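Chemist: My questions all concern the structure below.
The values are calculated or read from the model by the stated rules, or taken from the named source; none is laboratory data. Everything numeric here is computed off the predicted structure, so don't read it as measured data. Don't worry about glycine lacking a Cβ; one is built from the backbone with ideal geometry, like all the others, and counts go over all protein chains shown.
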Protein chains: 2
Amino acid sequence: MSDRLLAALRAQMESCGVDAYIAPNSDFHASEYIGEAFKTVRFLTGFTGTTATLVVLPDRAALWTDEGYFLQAKQELSGSGITLFHTGHSDSPTVADYLKEGMPADGLLAGDGRTLTARQALELLDSLGGQARFLDRDLAGELWKDRPPLPNAPVWVLSERYAGEPAEKKLAWLREQVAARADAHLIATLDDIAWLLNLRGGDIAYNPVALAYLAVLPDRALLFIDPAKLDAQVRAHLDRLGVEVLPYEAAQETVEQVLSGKRVLLMPERVGYAFYLRLEAAKAQIIEGENPSILRKSVKNAVQLEHLRQAHQKDGVAVTKLLCWLKTGMEGGHPTEAQIAEKLDTLRLGQEGCLGPSFITISGFGAHGAIVHYHVTPESDVPVEPDGLLLLDSGGQYLEGTTDLTRTVVIGSATAEQKRCFTLVLQGMLNLSAAVFPIGVCGRHLDVLARGPLWSNGLDYGHGTGHGIGSLLCVHEPPIGFNWRITARNDTAPFAPGMVVSDEPGVYLPGRFGVRLENQLACREAETDGFLRFETLTLAPIDLDAVDPSLLDARGREQLNAYHKRVYEQIGPFLTEEEQHWLREATRPI
Amino acid sequence: MSDRLLAALRAQMESCGVDAYIAPNSDFHASEYIGEAFKTVRFLTGFTGTTATLVVLPDRAALWTDEGYFLQAKQELSGSGITLFHTGHSDSPTVADYLKEGMPADGLLAGDGRTLTARQALELLDSLGGQARFLDRDLAGELWKDRPPLPNAPVWVLSERYAGEPAEKKLAWLREQVAARADAHLIATLDDIAWLLNLRGGDIAYNPVALAYLAVLPDRALLFIDPAKLDAQVRAHLDRLGVEVLPYEAAQETVEQVLSGKRVLLMPERVGYAFYLRLEAAKAQIIEGENPSILRKSVKNAVQLEHLRQAHQKDGVAVTKLLCWLKTGMEGGHPTEAQIAEKLDTLRLGQEGCLGPSFITISGFGAHGAIVHYHVTPESDVPVEPDGLLLLDSGGQYLEGTTDLTRTVVIGSATAEQKRCFTLVLQGMLNLSAAVFPIGVCGRHLDVLARGPLWSNGLDYGHGTGHGIGSLLCVHEPPIGFNWRITARNDTAPFAPGMVVSDEPGVYLPGRFGVRLENQLACREAETDGFLRFETLTLAPIDLDAVDPSLLDARGREQLNAYHKRVYEQIGPFLTEEEQHWLREATRPI
């Protein structure tokens, strides 16, 4: 199939004088999760991994993907003739290297300018030497006859009762921020738009947002969105806000007209290159900068925080019920990873105000627990039979906020090595949650607190220790996190009271087992002026069957016992008598 | 006096058409310590603080200095009419702000281009809007009739026995590094030149280096230095290396001729603007980059490390003798801070191979201990009478390497609050020294280990937790350190085995007391591949009279006891019987 499609694409390229075509698996908003309509690389090549960039030259083609998808890509691309490269690996060429070698210096590169961010395109053209030209054309889309339609989930208004702040106030604040630097602000990040307007949608799996763009001027605000998604209530809300509704497809063209000649603040990392080209054509002056809403949105207000505590209580009840069942109810046979995930999702959905999971539930037993982003499939599913560790990473979208927690559970009994790994991870999680630090400190300065116990034993993990979390928005929310290896999209801002972040160290022994423990934290003021600390929000027992108390330090033991006391007090009342009985034992002091 | 001088300077300015004159207290090498001949601000204004920049306009003048010198500047400049500003304070204008307001946009700024670094001058001219011009002329120097001569201490060859590596090899390595990027490399940093050529000098207090510049080309190396400093042995050494000797004063002019049209690698932060202007005039292409020697020099070889251990044993004997005297020998009367500093310096100089202190000994009693960079003067000197804490920060230059250690000692007895502060600082120092971490980690990622115990109690300190240390070179050596608040000159590189760094948390209660504890650490490979750890080099007892064991965690107690056992074993044999007896008690397990 890919042969025929690539041949057709090459014919198109030739007829347009195009020397190279680039297609990332991206939507128009640099979203973490993308819909079916945006899986262009899958359409062209059959590769089903989500992270991928395809480059097609007249005589060859190459695909870049991450470590995590490499084996899968190798299988799925076998026989296609497409060369496979590791993104970011030193022994793989970069996309720019490959293009530089494969096209003339003043050649024509084509792609869908909506799916490439302005930053990606600018950097790419820059590394090609500055003479290459770009044709903004979705050649792949033109071949895609049965392309799925864009999602059209209804949009709804998140009441101020949950948002904690009227959208009017946020818009006014944003206009003030923009006024100091620009005449207008163009936003393509879906969670920023949702937060700003107190709107939620359902266009992206797990992230309750709607496909849209927003342009904010001093006296106008233009929302580009499919009007079919808006009911009368939403329309009235937008009217009250003075927000005009325009068709999603008309965004680029309208922006070119409306923002012509203006100073436009935008974030090149999160705005499509198509907009950039339009604004350049319209002689707009582009002011590059982060969306002011990113930092403001990460600071949850008192109403959001209070609701989030409630969401965690509900979430803790669902998870505790599952853990009790796992630890006591399995005499009748061993459920599989998928059955456990399903049961957890069902328990969570049973909680009032829960709209669904905040990401796909990870339920990995034994060696599957060592695969950081393992997602059970019918082919991979196994029963959880003694003895082994089950890693459960899940979360919910509640009207009251977004949760994310991980528990690793002993099925049967744990080996001394498993207990050692578990206890080191636990010590790290507890260390980080107890941090007190002055204003100005970022996550990267604290990461060692979580990793230290593992590092001291020659162990580590290949992911960040934590990420910011939205409020009924994305479970991965910039700009905060814990990661001493800084990446572009997280851990770039100092902590402030109201920020919510995950604390999730782990250890993974490939082919054997994995341990991860994750609590969600809220940053708040500490006792001394100028210092901050964390409040632990998550409420679910830590499996004492996996703890070796001799490996916890005195403070860690105290923290664990105090935490378990809290879990029992706050979750117990919502359980059955049997569950309560189990929880009392599961949260006993050690 | 300053009135008359400033009037004369202004007359000079007028006759040259100069709109503003800038004079920093800097030598020609951006050195940390500067000689008498470079204290231009003191000459012009009478202000004796070392950190200062003076700007003179036709009708006014202003001086910038640090927090630490502000009060002193206020007193010394009283009545001078010179406005005083805080460097880096948000309520003080910057030098650029002041110049922008005080001179025409296309005006003429003058200064000694040897004392301004290229980076300083370029940034200054850039923030003035790009139209201002610069006159490289030492107008202040022209008025300075009794200017002290440049220092002329003899230069000597550090034998390979101590350097651990022949200078030939370092030069060859440097040429390889440069060849990949440039035709030549210009070095103005005195410690890099000393390290590279295995030479030492005595032109700068505490730093055994000689005033010099070095230009390295593929087939030539030019050392600009006063030839009177070189004896036959040094000349033979330089001949063997193929290094040509040229007069120090001819450096700028010669560089202009020799490097004309070439690609010249230089570090604008550490090379005078005068060179930059000359190279521009000679159509050289300036390649901005760090001196490769900075990173390489920071990694000590096995010979240097083994010698450094010996230096620390000697240093520990001197310090332990002093501590024993302080704790047991004071019945006959209470010595003053200055007498104690002098006794310590004498004890240290009595050690074989000690060439002198590596910085001015800090001996601060009571409230003086809370002044981070306190230097006792005849006016400030006080006897150390019970009860109080004495802070002693000192180090030595040995043929075997450079030491730096701090001990805080109880005179009489300590209060519970003093013990609490001391023990938190101790816990922090021990935590950091026990860190194990993967390759790639920088000091800023580990700083929390030292600060954490203080932060948890709402305390902190306003300096870095540590700095790199040279090998018979500067006691503050870039590029490593521990400082979560990153500064330009330290903590910019990940750790590597062989790097030597200080670990010195503290706590300072102004007007009351100060605590600082400092051990020197060497980075080495940990047991697990890919991980690093530290070895503690410093050997001197920690005053148990100030330790509250209940505030140390179990690991901290173990570390302290193991450390004290080592101190007793390695220092004891070099003490008198009485001192040994005292040390045994002072290093008892707790």
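Chemist: Just the residues that are outside any helix (DSSP H, G or I) and either buried (at least 22 other Cβ atoms within 10 Å of the Cβ) or free of Cβ contacts under 8 Å to residues at least 60 places away in the same chain (or both), please, taken from region A:360-373.
Modeler: Selection gives A:T361, A:I362, A:S363, A:G364, A:F365.
Residues checked against (1) in a helix (DSSP H, G or I); (2) out of contact with any Phe, Trp or Tyr (no Cβ under 9 Å at 6 or more places or on another chain):
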{"residue": "B:A414", "(1), (2)": "no, no"}
{"residue": "B:Q418", "(1), (2)": "yes, no"}
{"residue": "B:F422", "(1), (2)": "yes, yes"}
{"residue": "B:V425", "(1), (2)": "yes, no"}
{"residue": "B:L432", "(1), (2)": "yes, no"}
{"residue": "B:A450", "(1), (2)": "yes, no"}
{"residue": "B:P453", "(1), (2)": "yes, yes"}
{"residue": "B:Y461", "(1), (2)": "no, no"}
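Chemist: What number goes with the only condition from (1) in contact with a strand residue (DSSP E or B) (Cβ under 6 Å, 6 or more places away or on another chain); (2) in a loop (DSSP other than H, G, I, E, B); (3) crowded, with 23+ Cβ neighbours inside 10 Å that A:T51 does not pass?
Modeler: All conditions pass for A:T51, except number (3).
Chemist: Check region A:545-559 and report whether any residue there is in the same structural domain as A:S433 (by TED's automatic domain parsing), crowded, with 21+ Cβ neighbours inside 10 Å and closer than 25 Å to A:E306 by Cα.
Modeler: No; the residues of region A:545-559 include none that is in the same structural domain as A:S433 (by TED's automatic domain parsing), crowded, with 21+ Cβ neighbours inside 10 Å and closer than 25 Å to A:E306 by Cα.
Chemist: Another question about this same structure. Which numbered condition in (1) under 22 Å from A:N483 (Cα atoms); (2) within 14 Å of chain A (Cβ to nearest Cβ) is the only one that B:A496 fails?
Modeler: (2)
Chemist: Could you tell me which numbered condition A:L532 fails, if it satisfies all but one of (1) part of a helix (DSSP H, G or I); (2) within 14 Å of another protein chain (Cβ to nearest Cβ); (3) not charged (D, E, K, R)?
Modeler: (1)
Chemist: Test A:S433 against the stated conditions and say whether it is surrounded by fewer than 22 Cβ atoms within 10 Å (Cβ to Cβ), more than 10 Å from chain B (Cβ to nearest Cβ) and among the small types (G, A, S).
Modeler: yes
Chemist: B:V515 versus (1) among the hydrophobic types (A, V, I, L, M, F, W, C); (2) touching a residue at least 40 places away in the same chain (Cβ under 8 Å); (3) within 14 Å of another protein chain (Cβ to nearest Cβ); (4) farther than 23 Å from B:L295 by Cβ: which is the lone unmet condition?
Modeler: (3)
Chemist: Listed residues A:K314, A:K321; which is under 30 Å from A:L583 (Cβ atoms), touching a residue at least 60 places away in the same chain (Cβ under 8 Å) and more than 26 Å from the chain's Cα centre (by Cα)?
Modeler: One residue alone meets the criteria, A:K321.
Chemist: Now for a different question. So which residues in region B:378-411 are assigned to a strand (DSSP E or B) and among the polar types (S, T, N, Q)?
Modeler: B:S394, B:Q397, B:T402, B:T406, B:T408
Chemist: State all residues of region A:151-173 that are in a helix (DSSP H, G or I) and either touching a residue at least 60 places away in the same chain (Cβ under 8 Å) or closer than 20 Å to A:G401 by Cβ (or both); if no residue qualifies, say none.
Modeler: Passing the criteria: A:E160, A:R161, A:Y162, A:A163, A:A167, A:E168, A:K169, A:K170, A:L171, A:W173.
Chemist: Do we have any residue at all in region A:407-419 that's at pLDDT 95 or above and within 14 Å of chain B (Cβ to nearest Cβ)?
Modeler: no
Chemist: In addition: Give the residues of region B:255-282 that are closer than 15 Å to B:A182 by Cβ and either surrounded by fewer than 22 Cβ atoms within 10 Å (Cβ to Cβ) or charged (D, E, K, R) (or both), sorted by residue number.
Modeler: Residues satisfying the conditions are B:V258, B:S260, B:G261, B:K262, B:R263, B:P268, B:A282.
Chemist: Among the residues of region B:497-514, is any in contact with a strand residue (DSSP E or B) (Cβ under 9 Å, 6 or more places away or on another chain) and either over 21 Å from B:T406 (Cβ atoms) or modelled with pLDDT under 95 (or both)?
Modeler: Yes, there is a match, as at least one residue in region B:497-514 is in contact with a strand residue (DSSP E or B) (Cβ under 9 Å, 6 or more places away or on another chain) and either over 21 Å from B:T406 (Cβ atoms) or modelled with pLDDT under 95 (or both).
Chemist: Something else about it: Under 7 Å by Cβ, and 6 or more places apart or on different chains, what pairs join a residue from region A:88-100 that is assigned by TED's automatic domain parsing to the domain that holds A:I22 with one that is of a type in the set (S, T, Y)?
Modeler: Sorted first by the residue in region A:88-100, then by its partner, the pairs are A:V95/A:T53; A:A96/A:S127.
Chemist: Moving to a separate point now. For region B:149-156, indicate whether the set of residues that are crowded, with 24+ Cβ neighbours inside 10 Å and either more than 17 Å from B:A30 (Cα to Cα) or hydroxyl-bearing (S, T, Y) (or both) is non-empty.
Modeler: Yes, some residue in region B:149-156 is crowded, with 24+ Cβ neighbours inside 10 Å and either more than 17 Å from B:A30 (Cα to Cα) or hydroxyl-bearing (S, T, Y) (or both).
Chemist: Hey, among the residues in region A:297-350 that are acidic (D, E) and at pLDDT 95 or above, which one's surrounded by the fewest Cβ atoms within 10 Å (Cβ to Cβ)?
Modeler: My answer is A:E306.
Chemist: If A:H467 satisfies all but one of (1) within 25 Å of A:A210 (Cα to Cα); (2) touching a residue at least 40 places away in the same chain (Cβ under 8 Å), what's the number of the condition it fails?
Modeler: (2)
Chemist: For region B:527-547, what are the residues that are closer than 19 Å to B:S502 by Cα and of a type outside the set (D, E, K, R)?
Modeler: Those that are closer than 19 Å to B:S502 by Cα and of a type outside the set (D, E, K, R): B:L532, B:F534, B:T536, B:L537, B:T538, B:L539, B:A540, B:P541, B:I542.
Chemist: I'm told A:P386 meets every condition in (1) more than 14 Å from every other protein chain (Cβ to nearest Cβ); (2) more than 27 Å from the chain's Cα centre (by Cα); (3) in contact (Cβ under 8 Å) with a residue 60 or more places away in the chain except one. Can you identify the failing condition by its number?
Modeler: Status for A:P386: all satisfied but (3).
Results for (1) touching a residue at least 40 places away in the same chain (Cβ under 8 Å); (2) surrounded by fewer than 19 Cβ atoms within 10 Å (Cβ to Cβ); (3) within 25 Å of the chain's Cα centre (by Cα), shown as yes or no for each residue.
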| residue | (1), (2), (3) |
| --- | --- |
| B:S2 | yes, no, no |
| B:C16 | yes, yes, no |
| B:E36 | yes, yes, yes |
| B:A61 | yes, no, no |
| B:Q75 | no, yes, no |
| B:S78 | no, yes, no |
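Chemist: Here's a follow-up. Can you pull out the residues in region B:2-48 that are in a loop (DSSP other than H, G, I, E, B), over 28 Å from B:I187 (Cα atoms) and either among the acidic types (D, E) or in the same structural domain as B:G272 (by TED's automatic domain parsing) (or both)?
Modeler: B:D19
Chemist: A:N457 passes all but one of (1) within 14 Å of chain B (Cβ to nearest Cβ); (2) in contact with a His (Cβ under 9 Å, 6 or more places away or on another chain); which number fails?
Modeler: All conditions are met except number (2).
Chemist: Another question, if that's okay. Filter region A:438-454 for residues that are over 20 Å from A:R555 (Cβ atoms) and among the small types (G, A, S); which is nearest to the other protein chains (Cβ to nearest Cβ)?
Modeler: Among those residues, the one meeting the criterion is A:G440.
Chemist: Sticking with this structure for a sec: Just to confirm my filter: which helices (runs of 4 or more DSSP H) fall fully inside region B:213-284 and include at least 1 residues that are within 22 Å of B:N198 (Cβ to Cβ) and touching a helix residue (DSSP H, G or I) at 6+ places or on another chain (Cβ under 7 Å)?
Modeler: Counting at least 1 such residues, we get B:232-241.
Chemist: Then there is this: Identify all residues within region A:73-86 that are assigned to a loop (DSSP other than H, G, I, E, B), in contact with a helix residue (DSSP H, G or I) (Cβ under 8 Å, 6 or more places away or on another chain) and farther than 18 Å from A:Y21 by Cα; write none if there are none.
Modeler: A:L77, the sole residue that qualifies.
Chemist: Now for a different question. Scanning for something farther than 23 Å from A:M267 by Cα, at pLDDT 95 or above and β-branched (V, I, T), does region A:203-215 turn up at least one residue?
Modeler: No: region A:203-215 contains no residue that is farther than 23 Å from A:M267 by Cα, at pLDDT 95 or above and β-branched (V, I, T).
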